[in-house]
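The structure under discussion appears below in the form of structure tokens.
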Amino acid sequence: DAGVTQSPTHLIKTRGQHVTLRCSPISGHKSVSWYQQVLGQGPQFIFQYYEKEERGRGNFPDRFSARQFPNYSSELNVNALLLGDSALYLCASSLVVDTQYFGPGTRLTVL
Amino acid sequence: GNSVTQMEGPVTLSEEAFLTINCTYTATGYPSLFWYVQYPGEGLQLLLKATKADDKGSNKGFEATYRKETTSFHLEKGSVQVSDSAVYFCALWRDDKIIFGKGTRLHILP
């Protein structure tokens with residue numbers, strides 16, 4: 001079975017722009033979570049979605065938003081990009097509530 | 001609040017050496033505990049997990065035991081290989097999310 005897939009792999013944006021990151025979960029997984037990993041740090045939780053409903057939100061500004069589609073894929077949107085938004089964005093899906101499987105990530109660079 | 005503290009790296013060992021990476025946690029109740037590994041340029045891979053006190057998680061020669069009395073979940077491997085070089089993250093599950101430590105970079109020398 002395919003694992004979690006994310007697109008694009010890399011992305012370069014400039015300050016003030018908007019970005020959309022995409023994630024496809026493992027087949028059969030209904031929960032998707034997003035994490036931000038700044039270089040040299042552990043991932044930080046951004047959002048969790050289950051059955052298209054937001055179930056959790058981390059300590060991130062309203063510039064960050066997400067949604068989950070009927071096929072359980074998900075998008076993470078970030079508006080008004082800041083230099084500090086440069087990071088690896090990880091998507092994870094889960095079948096069992098506490099066991100999450102991560103995708104390879106999207107590396108976002110904001111110039 | 002809920003948090004994970006793990007030993008700072010980098011940790012440098014010779015091939016076939018014994019590995020211990022210390023991890024302690026702060027949380028209410030009995031959270032599930034995890035070790036994730038991140039190889040260069042890749043995402044996170046679940047290495048092992050334990051869901052209750054005294055459980056031992058194991059995978060690929062790595063193991064960790066859930067110690068409630070010391071709130072610890074130390075990662076061990078008896079004989080490391082060059083291919084084990086990576087960053088290792090200790091983590092716990094609480095409030096519908098994973099809380100990660102800062103990671104420990106491991107270098108194995110041939």
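The values are calculated or read from the model by the stated rules, or taken from the named source; none is laboratory data. Because the structure is a prediction, the values reported are computed rather than measured. Cβ sites come from the backbone with ideal geometry, for glycine too, and all protein chains shown count toward neighbours.
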- Select from the range A:50-66 the residues that are surrounded by 14 or more Cβ atoms within 10 Å (Cβ to Cβ) and modelled with pLDDT of 95 or more and write down the one among them that is farthest from the chain's Cα centre (by Cα). A:Phe60
- Of all residues in the range A:68-83, which are surrounded by fewer than 22 Cβ atoms within 10 Å (Cβ to Cβ) and over 10 Å from the mean Cα position of the chain (by Cα)? A:Phe69, A:Pro70, A:Asn71, A:Tyr72, A:Ser73, A:Asn79, A:Ala80, A:Leu81, A:Leu82, A:Leu83
- Message: Of all residues being assigned to a strand (DSSP E or B) and charged (D, E, K, R) in the range A:1-49, which is farthest from the other protein chains (Cβ to nearest Cβ)? Just the residue, please.
- Response: A:Lys13
- Scanning the range A:84-111 for residues that are surrounded by fewer than 19 Cβ atoms within 10 Å (Cβ to Cβ), hydrophobic (A, V, I, L, M, F, W, C) and within 14 Å of chain B (Cβ to nearest Cβ) gives A:Leu95, A:Val96, A:Val97
- Item | All positions within the range B:18-42 that are farther than 28 Å from A:Trp34 by Cβ and either crowded, with 16+ Cβ neighbours inside 10 Å or in contact with a Leu (Cβ under 9 Å, 6 or more places away or on another chain) (or both) | B:Leu19, B:Thr20, B:Asn22
- Task: Considering every residue within the range A:72-79, establish whether at least one is within 14 Å of chain B (Cβ to nearest Cβ) and under 29 Å from B:Ser32 (Cα atoms).
- Result: no
- Query: Can you find a residue in the range A:33-45 that is more than 25 Å from B:Gly41 (Cβ to Cβ) and in contact with a strand residue (DSSP E or B) (Cβ under 7 Å, 6 or more places away or on another chain)?
  - Reply: no
- Note on the structure: Those residues of the range A:57-71 which are in a strand (DSSP E or B), of a type in the set (Lys, Arg) and more than 14 Å from every other protein chain (Cβ to nearest Cβ) amount to A:Arg67
- What pairs can you find where one residue is in the range B:69-89 and within 28 Å of A:Val38 (Cα to Cα), the other is assigned to a loop (DSSP other than H, G, I, E, B) and among the aromatic types (Phe, Trp, Tyr), and their Cβ atoms are less than 7 Å apart, with a gap of 6+ or different chains? B:Phe73/B:Tyr66; B:Ala86/B:Tyr39
